[in-house]
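This report concerns only the one structure given below.
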Amino acid sequence: MNAPQPSGAGLSGADPSGAARNGVVQPEATSQEIYDGGMVVRREVLGAAHVDRANANKDSFTEDFQDMITRIAWGGIWTRPGLTRQMRSAVTITAMVAHGHWEELAMHLRAAVTNGLSRDEIKEILLQTAIYCGVPSANTAFKTAQEVFHSMDNTETDKSS
């Protein structure tokens, strides 16, 4: 089975077929292989510390949910080669703003930076959301992004001290 697509993989415009189209979800792939491929991408995008915290906090009530998002969202969707990770981040940011999921937005703003989006590109995405998701939602999104970037800047300053 092939390893998950690296974060720098781009949109070729070609229509991938067969194995290339499905990421880690191959006909012969086991549930464990899909989970493992999803976990690789989840760690790359969200960071090992975040994923370790999520796994440490799971219990019998949340365990199935954590397994599902790792297999389906991260293994089934984020490993597909049809979009770059930057594009997936842009779409995800928009969805978080549209539905008012502010904690998830904060997490995915950090992930977008990890995936290579600049703060200016994120600002443009949020400006776009003002038109299609509404100004009040974009207002909260900008405030959330401002807090995330401030936190990231302070963390970087703390590391370099």
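Nothing in this text is a laboratory measurement; each read-out follows from the coordinates by a stated rule. What you are looking at is a predicted structure, and each value in this text was computed from that prediction instead of being measured. Please note: Cβ atoms are built from the backbone with ideal geometry, for glycine as well, and neighbour counts cover all protein chains shown.
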**Report entry** Two-decimal Rg to Rh for region 101-152 - Kirkwood Rh, Cα set
**Finding:** 0.94
Query raised in the report: What nm value, rounded to one decimal, do you get for the distance between Asn154 and Thr140 when each label is placed 7 Å out toward the C-beta?
Result: 2.2 nm
Query raised in the report: Where Lys and Arg each count +1 and Asp and Glu each count -1, what net charge lies around Val51 among other residues with Cβ under 12 Å from its Cβ?
Result: +2
Query raised in the report: Any idea how far apart Asp67 and Ile131 come out in nm if each label point goes 7 Å out from Cα toward Cβ?
Result: 4.5 nm
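Which FRET efficiency value, to the nearest 0.05, is calculated for Ala49 and Ile77 with the Förster distance at 25 angstrom and r the Cβ-Cβ distance?
Details: r = 23 Å, r/R0 = 0.90.
After rounding, the FRET efficiency stands at 0.65.
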Query raised in the report: So for the pair Lys58, Ala95, with labels modelled 7 Å out along Cα→Cβ, what separation do we get in nm?
Result: 1.9 nm
Query - Convex hull volume per residue in cubic angstrom - Cα atoms of region 15-87 - result: 79 Å³
Query - Percentage of interatomic Cα-Cα distances in region 46-159 larger than 19 Å - result: 50 percent
